[in-house]
Amino acid sequence: MTQELEAATDDRKSGKSTLVKILLVGSILVVEAAVIIGAMVLLSGPPEVEASNVKAALEVAEDEKIVEILVLDSKLPNNKTGITYLYDAEIYVQVKKRYEVRVREELNQFRNEIKSQITAIWRTCDPRDFQEPNLQSLTRKVGALLTDRFGVDQQLSEPIMSKCVIVMGTGFRVDG
């Protein structure tokens, strides 16, 4: 029985020593891997970037920026109900910077025609359109007019105007 007990004790000791050896070798491998990866990262350094690529990327990004251009700042009437209300309104278009000169030239050349068309839309709008929180109906109508006016960039197949923005005060009654 003592021989069996000694054999069992030897088996346990050899099992423990094998487990310790495996853990020791595993931890050494992990440390080696960390050292090799760290050395590779330090020796590779940051990637090289050419200044011309950065400059070209910045120019492209600059052309993509959105600018707001004032189309109309006026007091516009609406008397659809038989009572005339006057609304202080500012209308802007948002365009990419690359289209800014083109849009400004169009606005300068046809300012009165555009004002006339917007005023006609304003006069024919339902009074409920002026009560909408975001002026969706009015913005959609004026936006469609201006989108047609400025058109599409044929090279990029994208509309010149990105968005129409209307800033309007509360209308006030002007007739008794």
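The values are calculated or read from the model by the stated rules, or taken from the named source; none is laboratory data. Keep in mind that this is a model prediction, so the values were computed, not measured. Because the Cβ atoms are built from the backbone with ideal geometry, glycine has one as well, and the counts that use them run over all protein chains shown.
Summary table
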| item | result |
| --- | --- |
| Scope the range 135-176; condition more than 16 Å from Y92 (Cα to Cα) and among the hydrophobic types (A, V, I, L, M, F, W, C); matching residues | V152, L156, F172, V174 |
| Evaluation of D126 against (1) of a type outside the set (V, I, T); (2) surrounded by 13 or more Cβ atoms within 10 Å (Cβ to Cβ); (3) over 21 Å from D73 (Cβ atoms) (one fails), failing number | (2) |
| Residue match in the range 140-153 (condition: in the same structural domain as Y92 (by TED's automatic domain parsing), at pLDDT 90 or above, assigned to a helix (DSSP H, G or I) and touching a Lys or Arg at 6+ places or on another chain (Cβ under 9 Å)) | yes |
| Residue tally, condition free of Cβ contacts under 8 Å to residues at least 60 places away in the same chain, among the small types (G, A, S) and either assigned to a helix (DSSP H, G or I) or surrounded by 18 or more Cβ atoms within 10 Å (Cβ to Cβ) (or both), over the range 65-114 | 0 |
| Matching residues, the range 142-176, being within 23 Å of T81 (Cα to Cα), without any contact (Cβ under 8 Å) to a residue 60 or more places away in the chain and buried (at least 16 other Cβ atoms within 10 Å of the Cβ) | V142 |
| Cβ-Cβ under 7 Å pairs, at least 6 apart or on other chains, the range 118-141 side in contact (Cβ under 8 Å) with a residue 24 or more places away in the chain, far side among the hydroxyl-bearing types (S, T, Y) | P127/T81; F130/Y87 |
| Tally, over the range 49-90, of residues that are at pLDDT 90 or above, within 26 Å of the chain's Cα centre (by Cα) and among the β-branched types (V, I, T) | 4 |
